[in-house]
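Engineer: Handing you a structure now.
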């Protein structure tokens, strides 16, 4: 049974469907109609490169969050390493053919020579399940919700793919509950919010910023 479960998990996470304009509509399901129209547009066209610019109002790491961020350098750069307020940030979203998903790159300008790029890739499996690849074989499955027109992504399970199969990480070994949302604002702007909350150590990471598409980037 465990071998069969592992095969199912591997299939769900490793095999991705072709992205099209209805990919996220299938993932979100009936709640798609409840999304703000600008968020629908943002997630509808999946093969066009998009650039968003704005500022992170704050990037916060607890002491344990700082350690976690440093450790993730071993697998890539899924988390910002620095903290600050009012940080100019550029977000690049593009289809990654090698990973068969949409890569989100966030470029933070913390001042001086301290510029950081973090990235992860959202992939949709053949059965329309959403996962986010963090690097080094690590990924998390995501659940979606729509609340008051805003789109929420919440981590469900964490996985490591290696040694020929996909392994589900036990809860105690995961970084905790990851929550991301996009909320529509006035003047074509939107709020981006990210938090990671550990069941024992509390809130490890919090980020919040306001962005616009580059062609209408005056905030």
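The values are calculated or read from the model by the stated rules, or taken from the named source; none is laboratory data. If you're wondering where the values come from, they're calculated on a predicted model, not measured in any experiment. Cβ coordinates were reconstructed from backbone atoms using ideal geometry, including for glycine residues, and neighbour counts include every protein chain displayed.
Engineer: Could you tell me whether segment 163-174 includes any residue that is in contact with a strand residue (DSSP E or B) (Cβ under 8 Å, 6 or more places away or on another chain) and closer than 22 Å to residue 43 by Cα?
Structural biologist: Checked segment 163-174: no residue is in contact with a strand residue (DSSP E or B) (Cβ under 8 Å, 6 or more places away or on another chain) and closer than 22 Å to residue 43 by Cα.
Engineer: Here's something else I'd like to know. Of the residues that make up segment 83-99, is at least one over 24 Å from residue 186 (Cα atoms), at pLDDT 95 or above and out of contact with any helix residue (DSSP H, G or I) (no Cβ under 9 Å at 6 or more places or on another chain)?
Structural biologist: Within segment 83-99 (the criterion being over 24 Å from residue 186 (Cα atoms), at pLDDT 95 or above and out of contact with any helix residue (DSSP H, G or I) (no Cβ under 9 Å at 6 or more places or on another chain)), the answer is yes, since at least one residue qualifies.
Engineer: Still on this model: Pairs please, first residue from segment 103-122 and on the phi > 0 side of the Ramachandran plot, second anywhere and assigned to a strand (DSSP E or B), Cβ atoms under 8 Å, 6+ apart in sequence or on different chains.
Structural biologist: Taking only residues 6 or more apart or on different chains, the pairs are 111/84.
For every residue, the table says whether it meets (1) crowded, with 18+ Cβ neighbours inside 10 Å; (2) in a loop (DSSP other than H, G, I, E, B); (3) more than 20 Å from the chain's Cα centre (by Cα); (4) at pLDDT 90 or above.
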position: 8; (1), (2), (3), (4): no, no, yes, no
position: 13; (1), (2), (3), (4): yes, no, no, no
position: 26; (1), (2), (3), (4): no, no, no, yes
position: 31; (1), (2), (3), (4): no, no, no, yes
position: 38; (1), (2), (3), (4): no, no, no, yes
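Each row is one residue, and each column tells you yes or no for (1) free of Cβ contacts under 8 Å to residues at least 12 places away in the same chain; (2) in contact with a helix residue (DSSP H, G or I) (Cβ under 9 Å, 6 or more places away or on another chain); (3) not in a strand (DSSP E or B).
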residue	(1), (2), (3)
139	no, yes, no
143	no, no, no
196	no, yes, no
215	yes, no, yes
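Engineer: Scanning segment 15-24 for residues that are in a loop (DSSP other than H, G, I, E, B) and within 15 Å of residue 100 (Cβ to Cβ), which turns out modelled with the lowest pLDDT?
Structural biologist: Per the stated criteria, the residue is 15.
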